[in-house]
Structures are given as structure tokens and as C-alpha cells.
Amino acid sequence: MDQDQGWLDAYKSATSTLWNENPIPVLDHAIPLIQGRGKRSVVDVGCGDGRNLIALAKAGLQCAGVDISLTALSNASQKLLSQNLNAFLLAGRCNDLPFADHTVDVLTCFDLFGQLESPEAFLNEAQRALSPGGIIFINAFTINDSEYGKGEKVGHHSFKYKNTLFRFFEEEEFRGLLRDWEVIHFEVRSWNDPPHGHFRPYPHRHENYYTAATPAA
């Protein structure tokens, strides 16, 4: 599946922003944790059109966003500029992050984990990029998510939807992927999302495993 092209097409066909303008709800927990641990810089992997970058920058954090879509990055740039906010925006892929070894304080991976064909490869890349004591924040769709089963089934709890991958997880499976990490926070969180243009043109409800973790010693 060439899901890169699926996402590129989704951003190009959006009339304005592809996603909800509001940041992902788990930032209400993530930002205080980042600040409480004295971290100052954050890389938002799969930043899309910038809804989470804006919230992170407003919190006074030094931000960078990485995405495969130049259209998304252009939209993010315009939104940041309109609010007098700054962030570095970089084209790149999550399993080949454009950062030197052990130089990143915090990685956020929001609404991305379920689109990865190899989450293990991404987690290995995150371990490479994170500095000692660095933190990764992830949300992953559970099998109780309202969008489970939409599209063509292509694997275990995995579906092809508009030429993109949506993968859902059972808790044991998701925790198993974090075996090389020290989990510092874990919870199940749900929220309602509005329509996403032509991509998902109806309200829906996401149920997620939300976690924060640091590389195991």
C-alpha cells in the first residue's frame, strides 16, 4: 500500500485544514508533564497542518514539526505565522528523523501510530533520536474506536481507508510494543472528533491508549 501517496492526496484535496483546529485533548496532560520534567524542546512527528504545534508553541516550548506532506507543512507555517508563533518545519519520515543521535528532548506522536506499517521501526528510531531522559508521547487507536472496521481489511486489526492505513490495537499488543521503554503514564482516553473534510466527512469518536514513556535504561 502506497499510503504516503494517500496522505499527500488527502492534504492536497482539503479545502482548508484537514483536521480539527483544536489540539488533541491529551495535550492537557502532556504539556504539564513536559514542563514539570524541565524539558524545553519538542519534535511533533507527523505534525500535519500544525494544530498540536500551535498549542505546544503557545506553551513556550521550542518546537519542530516533521511531516511527509509539503502541503501540510505550508498550512502549518501559515497558521503559526498568523499567531506570531515559531517552529522549525521539516519534511521527513518518522522512521528516518532528520536529527542527530540523542539530541531530542521530547517526541510527540499523535494520531500517527495507527498509520505506521512498522511501529517497531519508528520506536527504534525514537530511541535513537531521544536524549537521555527524553520522553515520547503516543496515542494509539483501540479496537473500540468508532472507525474500527471502516475500509478494506488488510491485516490483523488493520484497514485500508482511502489509500491510507488505519491500525487498531488491543492493550496487550500495544504494551508489548513498549517493552524497551519505561512507561511513566498510561490511560485509555476517548473524545469526539468533527468531520475531516472529504477524508472522513462525519463526526466520529476515537478511543485511544495514551502513553508517555522514556527509553529503558
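Taking segment 142-198 as the region of interest, the strands (runs of 3 or more DSSP E) fully inside it that hold 1 or more residues being over 18 Å from the mean Cα position of the chain (by Cα) and not small (Gly, Ala, Ser) are 152-155, 158-161, 181-193.
Among the residues of segment 50-74, those identified as surrounded by fewer than 21 Cβ atoms within 10 Å (Cβ to Cβ), within 15 Å of residue 90 (Cα to Cα) and not hydrophobic (A, V, I, L, M, F, W, C) are 62, 71, 74. Kindly evaluate residue 205 against the criterion of being within 19 Å of residue 21 (Cα to Cα) and surrounded by fewer than 17 Cβ atoms within 10 Å (Cβ to Cβ). Against the criterion (within 19 Å of residue 21 (Cα to Cα) and surrounded by fewer than 17 Cβ atoms within 10 Å (Cβ to Cβ)), residue 205 qualifies. For residue 93, the requirement of being within 25 Å of residue 199 (Cβ to Cβ), surrounded by fewer than 19 Cβ atoms within 10 Å (Cβ to Cβ) and not β-branched (Val, Ile, Thr) is met. Of the residues 53, 33, 27, which single one is modelled with pLDDT of 95 or more, of a type in the set (A, V, I, L, M) and in contact with a Cys (Cβ under 8 Å, 6 or more places away or on another chain)? Selected residue: 53, the only one of 53, 33, 27 that is modelled with pLDDT of 95 or more, of a type in the set (A, V, I, L, M) and in contact with a Cys (Cβ under 8 Å, 6 or more places away or on another chain).
Does residue 216 fit the bill of being exposed (fewer than 14 other Cβ atoms within 10 Å of the Cβ) and touching a residue at least 24 places away in the same chain (Cβ under 8 Å)? Spelling it out, residue 216 is indeed exposed (fewer than 14 other Cβ atoms within 10 Å of the Cβ) and touching a residue at least 24 places away in the same chain (Cβ under 8 Å).
For segment 106-128, the criterion of being surrounded by fewer than 23 Cβ atoms within 10 Å (Cβ to Cβ), out of contact with any Asp or Glu (no Cβ under 6 Å at 6 or more places or on another chain), charged (D, E, K, R) and at pLDDT 95 or above is met by at least one residue.
For segment 53-88, filtering for residues that are under 26 Å from residue 29 (Cβ atoms), among the hydrophobic types (A, V, I, L, M, F, W, C) and over 15 Å from the mean Cα position of the chain (by Cα) leaves 7.
The set of residues in segment 184-217 being under 19 Å from residue 109 (Cα atoms), aromatic (Phe, Trp, Tyr) and in contact with a helix residue (DSSP H, G or I) (Cβ under 7 Å, 6 or more places away or on another chain) consists of 209 alone. For the condition surrounded by 12 or more Cβ atoms within 10 Å (Cβ to Cβ), of a type in the set (Gly, Ala, Ser) and without any contact (Cβ under 8 Å) to a residue 12 or more places away in the chain, what is the one hit in 190, 146, 158, 131? It is 158.
The values are calculated or read from the model by the stated rules, or taken from the named source; none is laboratory data. Please read all numbers here as calculations on a predicted model, not as lab measurements. A quick note on method: Cβ atoms are made from the backbone with ideal geometry, for glycine too, and the neighbour counts reach across all protein chains shown.
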